[in-house]
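One structure below.
The values are calculated or read from the model by the stated rules, or taken from the named source; none is laboratory data. All values reported here derive from a predicted model rather than from experimental measurement. Virtual Cβ from ideal backbone geometry, glycine too; neighbours counted across all protein chains shown. What goes into the accessible areas is simple: the full protein's heavy atoms, side chains included, and nothing from ligands, DNA or RNA. Shrake-Rupley method; radii C 1.70, N 1.55, O 1.52, S 1.80 Å.
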Amino acid sequence: MQLDSVQLRHGQVTATVCIYAAHVTRFAVRGKDVLFLSQRALFEPPKVKSSLPGHLGVSFALLQAIRGGVPIIFPQFSGRGKLPSHGFARNQYWRVVSKEGDRSVTLALEDTEETRRLYPPFRALYTVTLTDDASLELTFRVEAKERELSFTFALHSYFAIGKIEQTFVTGLKGVQYEDQLQGSRIETDQNERIAIDREVDRVYLGVPPQLSIVDGSNSRTIRLSTSDTLPDAVVWNPWEAKALKMAADFGPTEYHNMLCVEVAAVGAPVIVKPRESWVASHTISVADDGSRL
Ligand code: BG6
């Protein structure tokens, strides 16, 4: 089964948006990838046989998330609730609702009979735009229908970096985090530049609206900015042992070349009243070294 996608192009930037999961699988500036996509990423859900007519009738619980790019984590981050881990938006078929030339596309996801067994009715819209200043802009909007929604959320971006040992995250000094590898123990980061030299899985709570990933060996800085509706950030790298456990869709050495910095609303659930909506936006851009934040 081939997954359909939309190609975006504007000036010197390009992006690919897979309709399955509304998943940005590629964002490149002047031909250089900003997002990591595993060489083992599964685009063909293993349990879906090609004899099935498209995806019709296939339970989303059987569909795999794509390892890399920007999975949308909604309506539950990780195992923090009763829903499937990381929710269900990342393994649903979305639909394209509008397109603005080659620079912007909006996709929609609504409740189905299957999601209603787990979660109240909702309508989500996700717009992916390439901007004049060569950024990728992601805007997620969700409306509650007749019942209140409560959810946690993340844009689980996988960034492509040259070498993990020459990579740093900046902007998190003095910020508290839950260390998910230590039973969510609360720590405070004291580092101006956070180096990644082992498995890291942290939920930073109350982060500034701008963070950076210094991708030293590519001589560039990836800049992340968010709306104030995304007060948290997750920093994740599985490192070697975990990578081996993820072998179905992640190569054993790929942890060298990726880092997830996920902008999120995780510390406290977001509540949306009936017929109201919630909007979150996130912008990713790249600066050549010399103009680091
Ligand atoms: C991160 C979590 O957001 O996602 C990690 O903090 C998790 O704990 C990772 O391992 C990947 O999750 P998954 O379900 O895509 O393998």
Original post:
What is the residue count in the range 73-114 for residues that are within 16 Å of the ligand (Cβ to nearest atom), surrounded by 17 or more Cβ atoms within 10 Å (Cβ to Cβ) and free of Cβ contacts under 8 Å to residues at least 40 places away in the same chain?
Top reply: 2
Original post:
In the range 226-248, which residue that is within 12 Å of the ligand (Cβ to nearest atom) and in contact with a Gly (Cβ under 9 Å, 6 or more places away or on another chain) is farthest from Val142 (Cα to Cα)?
Top reply: Ala243
Original post:
When you scan the range 138-192, how many residues do you find that are part of a strand (DSSP E or B) and surrounded by 17 or more Cβ atoms within 10 Å (Cβ to Cβ)?
Top reply: 21
**OP:** Mind counting the residues in the range 191-225 that are within 16 Å of the ligand (Cβ to nearest atom) and of a type in the set (D, E, K, R)?
**Re:** 4
Subject >> From Val261, Val286, residue being open to solvent by 20 Å² or more (accessible area, probe 1.4 Å) and out of contact with any helix residue (DSSP H, G or I) (no Cβ under 6 Å at 6 or more places or on another chain) >> reply: Val286
Original post:
Considering only residues of the range 1-15 that are closer than 20 Å to Ala124 by Cβ and of a type outside the set (A, V, I, L, M, F, W, C), which is most open to solvent (accessible area, probe 1.4 Å)?
Top reply: Asp4
Original post:
Can you name the residue in the range 100-115 that is within 21 Å of the chain's Cα centre (by Cα) and not hydrophobic (A, V, I, L, M, F, W, C) and, of all such residues, is nearest to Thr127 (Cα to Cα)?
Top reply: Thr106
